[in-house]
1. How large a share of the accessible area of the chain, in percent, is made up of carbon and sulfur atoms when the probe is 1.4 Å and the other protein chains stay in place?
2. Could you tell me the calculated FRET efficiency between Asp73 and His15, based on Cβ-Cβ distance and R0 = 22 angstrom, to the nearest 0.05?
3. Tell me the label only: which of (i) 41; (ii) 64; (iii) 54 is percent of Cα pairs over 17 Å apart as calculated from this structure?
4. Calculate the spin-label point distance for Glu38 paired with Lys4, positioning each point 7 Å from the Cα along the beta-carbon direction, and give it in nanometres.
5. Per residue, what accessible area does the chain have, given a 1.4 Å probe and all protein chains present, in Å²?
6. Spelling out what I want: for every residue of region 38-46, take phi, set θ = phi - 60°, compute 6.51 cos²θ - 1.76 cosθ + 1.60 (Karplus), and round to whole Hz; glycine and proline get x.
7. For the chain, find the longest principal axis of its Cα atoms and tell me its angle to the long axis of helix 55-76, 0 to 90°, nearest 10.
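The values are calculated or read from the model by the stated rules, or taken from the named source; none is laboratory data. Keep in mind it's a predicted model, so treat the numbers as computed, not measured. Virtual Cβ from ideal backbone geometry, glycine too; neighbours counted across all protein chains shown. For the accessible areas, the whole protein counts, side chains as well, though only heavy atoms, and no ligand, DNA or RNA atoms are used. Shrake-Rupley method; radii C 1.70, N 1.55, O 1.52, S 1.80 Å.
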Amino acid sequence: MIVKLLHDKGLRSEHANTIACLTIGLSVASWVTSMKVEPAGIDRADRWGIFIATWPATWFGLGQALARYESADESHGDM
């Protein structure tokens, strides 16, 4: 149901997979930025990096769900 809603709103599997790849870079960038800017040191930088590093798996999973929905949509015609 959520996948259908997102698909109807225009989100495609390519979009979700692209966002997943971008969040990997964002995780590294946030870690480096936190290391250099915040006085809290490596502990906080690690927390930021790990927090953002959980996002790619979510987006890749959503991309897979959308890809399956799109292939089923092509097989059965418009739903």
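1. On the way: 3660 of 5570 Å².
Carbon and sulfur together cover 66 percent of it.
2. On the way: r = 16 Å, r/R0 = 0.71.
About 0.90, to the nearest 0.05.
3. Matching the structure shown: (iii).
4. 4.2
5. Details: 5570 Å² over 79 residues.
Spelled out: the 1.4 Å probe surface of the chain, per residue, equals 70 Å².
6. With coefficients 6.51, -1.76 and 1.60, one gets 7, x, 6, x, 5, 4, 5, 4, 4 Hz.
7. The angle comes out at about 10 degrees.
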